[in-house]
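The values are calculated or read from the model by the stated rules, or taken from the named source; none is laboratory data. Just so you know, these numbers come straight off a predicted model, no measurement behind them. Glycine also receives a Cβ, built like all others from the backbone with ideal geometry; neighbour counts cover every protein chain displayed. Note: accessible area is taken over every heavy atom of the protein model, side chains too, but ligands, DNA and RNA are not part of it. Shrake-Rupley method; radii C 1.70, N 1.55, O 1.52, S 1.80 Å.
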Amino acid sequence: MDGAYFRVHHFARQLASPFPLLAAVGARTRKIEIGTAVIDMRYENPHYMLEDTGSADLIAGSRLQLGISRGSPEQVIDGWRYFGYCPAEGEDDAAMGRRHAEEFLDLLDGRGFAQPNPRPMFANPPGLLRLEPYSEGLRDRIWWGAGSNATAVWAAKLGMNLQSSTLKNDETGEPFHIQQAAQIRAFRAAWKEAGHSRTPRVSVSRSIFALVNDLDRKYFGRGDQEDDTIGFLEAKTRAIFGRSYAAEPDVLIEQLKKDEAIVEADTLLLTVPNQLGVAYNAHVMEAILKIVAPPLGWR
């Protein structure tokens, strides 16, 4: 595996503050990418987040790949209010999350903006001061988790990479993977139009299980998740949830060949059932790497 990405959910019985974990993983590993999918920017102070991010990235040797977004369905109602944040006049919580993201991106440019104290505790460099520690190159390793075509285009204009999850707004009524592939193409077209100098990265998330033993068949061989599902994230937001893949390896490989979004993307994030334990998840990932990935040309 090339990396490990962590979910971030507040008010859930799990680790909610990602930066101590990212720093710890960075200190114990040497090669893998370490990321998030995603940090809910409605909860974040961009200035404080920049200091935490810079520290974790330097500890990891510049291996962070940070996925940020306006967030996903929450455990509580308007949880960001308990963190002291409130949308400005004329904006909703999603717009507030995007505003926080833009502030964070501006800070990542590393330009000085704060007037130095004429009698500082420590000697200052000349000019306006920036937040420290500063990690060079991190700006290019920020991803936006886009739930719609419009936010994918917005992310491209701002020079963020794209994370597309296992759900998105149902904008055309087509199967999930076709809508997601169209979202990726819209993102890349907007990126090209914006004139950015580097090539962006695009990831899609999938639940994929190769059924190679009786335990796999017991957990995932029921065949009840082979179709996309439709739901509502909010009262007026119709969403489409992508299917899971679970089949014998030869069948699984043929199914995945037909997933247009996987073909369009350059990075695949596997969602794993962490509640089933380390040993079983190691088995799940090993089966994908050794049996499924080679025939598909993923490695």
Tally up the residues in the range 245-293 that are modelled with pLDDT under 95 and over 24 Å from the mean Cα position of the chain (by Cα), please.
0
Quick check on ASP57: is it open to solvent by 50 Å² or more (accessible area, probe 1.4 Å) and among the acidic types (Asp, Glu)?
no
For a quick check of your reading of the model, give me the residue pairs whose first member lies in the range 259-286 and is over 17 Å from GLN179 (Cβ atoms), whose second is part of a loop (DSSP other than H, G, I, E, B) and of a type in the set (Phe, Trp, Tyr), with beta-carbon atoms closer than 9 Å and at least 6 apart or on different chains.
LEU268/TRP298
When the residues of the range 198-207 are filtered to those that are touching a helix residue (DSSP H, G or I) at 6+ places or on another chain (Cβ under 7 Å) and part of a loop (DSSP other than H, G, I, E, B), which remaining residue is farthest from ALA293 (Cα to Cα)?
ARG198
Which numbered condition PRO87 misses (of (1) surrounded by fewer than 17 Cβ atoms within 10 Å (Cβ to Cβ); (2) assigned to a loop (DSSP other than H, G, I, E, B); (3) on the phi < 0 side of the Ramachandran plot; (4) not polar (S, T, N, Q)):
(1)
Long-range neighbours under 6 Å by Cβ, at least six apart or interchain, first residue in contact (Cβ under 8 Å) with a residue 40 or more places away in the chain within the range 1-30, second surrounded by fewer than 17 Cβ atoms within 10 Å (Cβ to Cβ) and assigned to a loop (DSSP other than H, G, I, E, B):
GLY3/ILE32; HIS10/ALA16; PHE11/GLN75; PHE11/VAL76; ALA12/GLN75
Does ALA24 count as small (Gly, Ala, Ser), surrounded by fewer than 21 Cβ atoms within 10 Å (Cβ to Cβ) and either in a loop (DSSP other than H, G, I, E, B) or at positive phi (or both)?
no
For PRO73, are the conditions met, namely being open to solvent by 60 Å² or more (accessible area, probe 1.4 Å) and under 18 Å from the mean Cα position of the chain (by Cα)?
yes
With the requirement that a residue be under 24 Å from GLY297 (Cβ atoms) and polar (S, T, N, Q), what does the range 204-261 give you?
SER205, SER207, SER244, GLN255
Pick from the range 198-207, criterion charged (D, E, K, R) and open to solvent by 30 Å² or more (accessible area, probe 1.4 Å), ranking: nearest to the chain's Cα centre (by Cα):
ARG201
